[in-house]
Every structure is written in C-alpha cells, then in structure tokens.
Amino acid sequence: MCPHNADYLDTVVILGRPGYESRAELLSAELNLPTIAPEDMSVLSSGFTLVVDHAGLSLQKMGVGAPGPIRCDFAEGALRHRRLYGGGKGQDIAKSVGLSHKGFRPLVLDMTAGLGRDGFVLGTLGATLQMLERHPVVCALLQDGLDRAQKQAVTDRELAEILARISVFGLDGKNYLEQLTEESCPDVIYLDPMFPMREKSSKVKKEMQLFHQLVGMDMDATKLLPLALSRVRYRVVVKRPTHAPFLAESKPSYSLKGKSTRFDIYSVQKLP
C-alpha cells in the first residue's frame, strides 16, 4: 500500500480516460490527489498527469517538449526479453547480491525500488524481494505494473512464481530499517539512490528525467548506508554510476564495474 500525503505532490493530477473515471476517483482518494476531466487538459501547462486507461497507469509530464509517458511493465517489453534471454546469474547485478553463490537464494530488501526493474531481475534469478518505494506516485506505478503482470501470470507459470516472491511497501527506508527486529533482517540490502544528473539532458533516459523532476534527490542516502549495514545479514549493495564517488565516502569491500554502472559491495559476513 502506498502512503497518502506528501507536500511535493501538488503538481500531480489524475486523469481518467473515458470508461476509467471510477478507478481514477479511487486512486484520487488513495493518493489524496485531484482529478481532472479530459476536456480540461488544455489548461495544464506544467506539472504531471497520472493517466488511468486500458493499459493501466502512466505518468506524463505536461508542457511543450516534455518526454513521453512512462509506465511500469513486467510482463512485456524489455523486462520480458531480459527474463527470457538475459545473462542469468552471470550478470553483475546477480553477482553483487550473491546469486552466483551456489545455493544462495537471498531475501533482498530493495530500499529504492523506483519502477522495480532491478528488483524484478533479481526475482527472475531466484531472490525473494521486498521493494520499498516512498514516493506515492512512483509506488502506485510500481504496484500497477505488478497487478497487470499478475493477470498475465495466470497463463505463465514461471512469471507467477517470480511474482509470488515479490512484495511492495510504500514506506520510507529509514523508518523501515529502524523497526526491523534481528529475526526479520534481510540477507541483502540493495540501494540505488537518486543523485543529480551529470550528463546532458539529451543523453538521459526520459524516465530518469521525469523522476528527477518529480521525486528530486535522495538527500538522505548517505545516512542509509550505515543504518543498512547494521540491519543486514550478509551484505549491502549500492548501485552507482561507474565514475561516481563512493556513497557516504565509504569504501566498499569490493566493486563490480561495467561501462556505465558500478555495484559497490559492503560485506558484513561471508555468504552461507
């Protein structure tokens, strides 16, 4: 379930396409956001629209030159292709959480889930995922993607098994970690914090452009690392741009470096 109130949501309105007005009203009540009728769309020159239609939820930035809408999709598109034809446990992300370690099927806490793509990849490789997303609109997009995938999973047993290992919580990571008992600590904590864009906007994916504008920066990310290390069984993994400094200026146990992405691994103890 997603949280209800946030000061930074005053630029988001909900649009229900014809036939989906009732669902838009339910979402409006859940997120405490206003709705807008299709005929009034022309008055919006800025902000964001959360669109409800036959394809589920999508987020659209308003204004001239705005990037196209984004939505969460686990059953089709790039994630389906990666599930069926990806690099398996040889991928750096899989190695970083220990999935290449024989017999290790960890409980992974993804504290910065976003649209859940990294978490879903880990789920396809055998991990059990707890996804945290504190931004209500992003959480709604994430949950919608999982709900639509569940419908397709009726005829896709493998997808059904993956989804059964994934749960979503609309919670703040710091608060969640602080209330964990020793018995409920995850095996691995995964962090992919939002940081200022350093590339030219033309080179940045539309999804990341929208997220930076909607969500802003994870200014408390440096505080999460030491707390995460105190609440994890085996390791904390931090995803970073290849040439970015270490999170909280804390040197990891080791790193896995790709062309554009680096995984910093902070080991607490050896994997079982």
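Output the residue which, of all residues in region 1-47 that are hydroxyl-bearing (Ser, Thr, Tyr) and either in contact with a His (Cβ under 7 Å, 6 or more places away or on another chain) or at pLDDT 90 or above (or both), is farthest from ASP144 (Cα to Cα). Across region 1-47, the extreme among qualifying residues is THR35. If you go through region 176-185 one residue at a time, do you hit one that is in contact with an Asp or Glu (Cβ under 9 Å, 6 or more places away or on another chain), of a type outside the set (Val, Ile, Thr) and either at pLDDT below 90 or more than 27 Å from PRO69 (Cα to Cα) (or both)? No.
Cβ-Cβ contacts under 8 Å between residues 6 or more apart (or on different chains), taken from a first residue in region 81-102 that is under 15 Å from VAL238 (Cα atoms) to a second residue that is of a type in the set (Lys, Arg) and at pLDDT below 90, are listed as LYS95/LYS89. If the condition is being surrounded by 15 or more Cβ atoms within 10 Å (Cβ to Cβ) and either under 15 Å from ALA221 (Cβ atoms) or modelled with pLDDT under 95 (or both), then region 232-249 contributes VAL236, VAL237, VAL238, LYS239, ARG240, PHE246, LEU247. Selection of region 134-179 for residues being hydrophobic (A, V, I, L, M, F, W, C) and not in a helix (DSSP H, G or I) yields ALA164, ILE166, VAL168, PHE169, LEU171.
When each of ALA140, ALA164 is tested for being at pLDDT 90 or above, out of contact with any strand residue (DSSP E or B) (no Cβ under 7 Å at 6 or more places or on another chain) and in the same structural domain as SER250 (by TED's automatic domain parsing), the lone residue that passes is ALA164. All of (1) modelled with pLDDT under 95; (2) surrounded by 12 or more Cβ atoms within 10 Å (Cβ to Cβ) hold for VAL52 with one exception: (1). Set side by side, the residues LYS223, LYS270, LYS200 differ, and just one is at pLDDT below 90, surrounded by fewer than 16 Cβ atoms within 10 Å (Cβ to Cβ) and closer than 29 Å to SER184 by Cα, which is LYS223.
The values are calculated or read from the model by the stated rules, or taken from the named source; none is laboratory data. This is a predicted model, so every value here is computed, not measured. Cβ: placed from backbone, ideal geometry, glycine included. Neighbour counts: every protein chain shown.
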